[in-house]
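Below you'll find the structure, written out as structure tokens, and then a few comments.
The values are calculated or read from the model by the stated rules, or taken from the named source; none is laboratory data. All values derive from a computational prediction rather than experimental measurement. Cβ placement follows ideal geometry from the backbone for every residue including glycine, while neighbour counts extend to all protein chains displayed.
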Amino acid sequence: MRIHHLFVGIIVGMTATHVYSQSRLYSNAASQLSQITQNGTARFQGVGGNHAALGADASNIFGNPAGIAFFNRSEISLSPTVYSINNKADYIGNTTTDQKVNPNLSQFSLILAGNPQSYNREWRRTSFGISYSRQVNANTQFSYGGTNNRSSIIDDIAELANGVSVTTLENDYNKGRPFSIESAFYNLYQIDALSANGPYRRPIPLSRSSFQQNGSIELSGGSSQWTFAYAGNYADKLYLGVSGGFSRHTYVRQQNYAERFVNGGAFRGLDYREDININGTGVFLSAGVIYKANDFLQLGASLHSPTWSNMQMTYEEELGVDVNNNRVPIFDSNGNPVTNGQGQQAFDQLPTNRVTIEPYDFQYSMRTPLRATGGATFFFGKKGFITATAEYVGYKGMGISTSDDNQFRSNNRRLIQSGYNNVVNLRAGGEARLNTFRVRAGVGYMPNIYSQNYNVEGKLNRAKISFSGGLGYRNERFYFDLAGTYLMTKDAFAPYQLNDPNNYFSAQLNVSSINVVSTIGLFF
């Protein structure tokens, strides 16, 4: 594979960093597509999430498949969702707020309950389920802006170009179609070389400038899956189930960044665009068990394999510069103006002020984390229940690889091992039954999955906390449920990084989202 510099946003969160290869992009896309915060029907979302020891819900198809063995009637259900996320970004003393709303289909399910067997037999009933579900919603956007008196993105490119010869940067500029972002900056006169092999610096007119910086990030996509489940009921005590299916991943990231140069002379500004498009398909397997200890207590557990996926990435960048009349003043390595025969400042003429870096396409394999859940549900007769679940997610076990590049696999493994934590997500909730009506509430805590702080000032805890509630109605023929989940977390984003962390800034993000889902189901 061809390695070139990428301006990579670590949307995890949404922390960004420059790296020398594409490895961090792949691992962070994998983590983004693996963070399941809330999914399933309105009933399960209302009680805090997909619980391990709770059955008789369409969410069991992809949660704990043993739960579909509780069905004694067939059912079809549909769960539309409206998802809204708000980002408040503080950058160099300025605050901006953005919102993105995304309606989607959370789940469609069909469960076929088998005919009951003779109660003289130990195996009482089996059930089959099929479901389409949205597992991860990656939609978000935010913007930031402020005046930076310490540095420019140009300084970052200059540091990255150190060690690369001028000849290489010139040769990488293939008829106005550069192969690297460093070559684009150099050939558009945004970095100067002090010698044939660097080091590089800002152009002299920009050496004492300040920079009005503005940027925006928009992310869309997520993970959805088709799941098939089969489960059986043994003596109304032990419920066993298995499931498997196919996943579809999409990850589309668009970044726009601009600088206006204050006192930059002929140099007035630059703008940068980055587009990342990742998509792929995968397969997975799951198994689960629920044990009914007595009329009041149920225990449950499930194991979910990683999703093994084949992925395709397309990466594109574009750089534009704003130079007065496209005429660039020339200075020598000592910072002195180069003059013509009449003693006047010499200029070079830019043939173009905008270039598109050669697009990059790459295929690779992705393995998401292993998951294991365990929990308990306590019933208060027919008045309701309380339930709780602990979910282990092994983020350190994620994998990124290709069939013919061991170094690529090793680099990603090293980044994953050093950059992520294995975590245990906790969920709890309950339901009160009032004749045909239901009232639900739940809470969830998802610890910080990142072991690195990415040069953000202070220790940033990216843990997520969710609160949910819901209402429901059901009779002999149909049911209707409504639920809402409010989630909070903190994050950060640095548009670029420098060797000295005192010379650049990060946008501090306060993130909140609201997910409203309704489910209607028919019995037959």
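Yes/no per residue for (1) at pLDDT below 95; (2) surrounded by fewer than 19 Cβ atoms within 10 Å (Cβ to Cβ); (3) polar (S, T, N, Q):
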residue: 88; (1), (2), (3): no, yes, no
residue: 96; (1), (2), (3): no, yes, yes
residue: 100; (1), (2), (3): no, yes, no
residue: 109; (1), (2), (3): no, no, yes
residue: 113; (1), (2), (3): yes, no, no
residue: 122; (1), (2), (3): yes, yes, no
residue: 129; (1), (2), (3): no, no, no
Looking at (1) exposed (fewer than 15 other Cβ atoms within 10 Å of the Cβ); (2) in contact (Cβ under 8 Å) with a residue 40 or more places away in the chain, which is the one condition that is false for residue 434?
(2)
Restricting to segment 438-464, name every residue that is touching a Lys or Arg at 6+ places or on another chain (Cβ under 9 Å), modelled with pLDDT of 95 or more and either charged (D, E, K, R) or farther than 26 Å from residue 52 by Cβ (or both).
438, 440
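So which helices (runs of 4 or more DSSP H) are wholly in segment 152-245 and hold at least 2 residues that are out of contact with any Lys or Arg (no Cβ under 9 Å at 6 or more places or on another chain) and crowded, with 19+ Cβ neighbours inside 10 Å?
Those helices (runs of 4 or more DSSP H) span 153-161, 181-187.
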The correct count of residues that are part of a helix (DSSP H, G or I), among the polar types (S, T, N, Q) and either touching a Phe, Trp or Tyr at 6+ places or on another chain (Cβ under 9 Å) or surrounded by fewer than 18 Cβ atoms within 10 Å (Cβ to Cβ) (or both) in segment 384-416 is 4
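Of the residues 341, 288, 375, which single one is out of contact with any helix residue (DSSP H, G or I) (no Cβ under 8 Å at 6 or more places or on another chain) and at pLDDT 95 or above?
375
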Looking at (1) charged (D, E, K, R); (2) at pLDDT 95 or above; (3) more than 25 Å from residue 351 (Cα to Cα), which one does residue 236 not meet, given that it meets all the others?
(2)
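Give me the residue from segment 437-450 that is of a type in the set (A, V, I, L, M, F, W, C) and more than 14 Å from residue 389 (Cα to Cα) and, out of that set, surrounded by the fewest Cβ atoms within 10 Å (Cβ to Cβ).
Step by step, filter segment 437-450, then rank; the result is 437.
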So, of the residues in segment 503-513 that are within 17 Å of the chain's Cα centre (by Cα) and either of a type in the set (Asp, Glu) or surrounded by fewer than 20 Cβ atoms within 10 Å (Cβ to Cβ) (or both), which turns out to be farthest from residue 94 (Cα to Cα)?
512
Could you tell me whether segment 380-390 includes any residue that is out of contact with any Ser or Thr (no Cβ under 7 Å at 6 or more places or on another chain), within 30 Å of residue 44 (Cβ to Cβ) and at pLDDT below 95?
yes
Inside segment 469-524, can you point out the residues that are of a type in the set (Ser, Thr, Tyr), in contact with a helix residue (DSSP H, G or I) (Cβ under 8 Å, 6 or more places away or on another chain) and not in a loop (DSSP other than H, G, I, E, B)?
485, 518, 519
So residue 374 ticks every box in (1) out of contact with any Leu (no Cβ under 6 Å at 6 or more places or on another chain); (2) part of a loop (DSSP other than H, G, I, E, B); (3) of a type outside the set (A, V, I, L, M) but one. Which box is left unticked?
(2)
Within the set of pairs 6 or more residues apart or between chains, which connect a residue that is crowded, with 19+ Cβ neighbours inside 10 Å inside segment 359-383 to a residue that is of a type in the set (Ser, Thr, Tyr) and modelled with pLDDT of 95 or more with Cβ atoms less than 6 Å apart?
366/309; 368/307; 369/395; 373/302; 373/389; 375/389; 377/387
Identify all residues within segment 420-431 that are touching a helix residue (DSSP H, G or I) at 6+ places or on another chain (Cβ under 9 Å) and either surrounded by 21 or more Cβ atoms within 10 Å (Cβ to Cβ) or under 17 Å from residue 466 (Cβ atoms) (or both); write none if there are none.
420, 423, 429, 431
Test result for residue 499, among the polar types (S, T, N, Q) and closer than 25 Å to residue 34 by Cβ
no
Residue selected from segment 256-271 under the condition touching a strand residue (DSSP E or B) at 6+ places or on another chain (Cβ under 6 Å) and buried (at least 22 other Cβ atoms within 10 Å of the Cβ), by the criterion farthest from residue 131 (Cα to Cα):
267
Single residue of 500, 491, 481 found to be buried (at least 19 other Cβ atoms within 10 Å of the Cβ), among the acidic types (Asp, Glu) and over 26 Å from residue 393 (Cβ atoms):
481
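One line per residue, one yes/no per condition, for (1) part of a helix (DSSP H, G or I); (2) surrounded by fewer than 24 Cβ atoms within 10 Å (Cβ to Cβ); (3) at pLDDT 95 or above; (4) basic (Lys, Arg):
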{"site": "18", "(1), (2), (3), (4)": "no, yes, no, no"}
{"site": "21", "(1), (2), (3), (4)": "no, yes, no, no"}
{"site": "26", "(1), (2), (3), (4)": "yes, no, no, no"}
{"site": "29", "(1), (2), (3), (4)": "yes, no, no, no"}
{"site": "38", "(1), (2), (3), (4)": "no, no, no, no"}
{"site": "51", "(1), (2), (3), (4)": "no, no, no, no"}
{"site": "54", "(1), (2), (3), (4)": "no, no, yes, no"}
{"site": "63", "(1), (2), (3), (4)": "no, no, yes, no"}
{"site": "67", "(1), (2), (3), (4)": "yes, no, yes, no"}
Mind checking which residues of segment 334-352 are surrounded by fewer than 15 Cβ atoms within 10 Å (Cβ to Cβ), touching a residue at least 24 places away in the same chain (Cβ under 8 Å), within 44 Å of the chain's Cα centre (by Cα) and closer than 16 Å to residue 203 by Cα?
348
One residue is enough: does segment 451-462 have a residue meeting the conditions among the charged types (D, E, K, R), surrounded by 17 or more Cβ atoms within 10 Å (Cβ to Cβ) and either in contact with a helix residue (DSSP H, G or I) (Cβ under 9 Å, 6 or more places away or on another chain) or part of a loop (DSSP other than H, G, I, E, B) (or both)?
yes
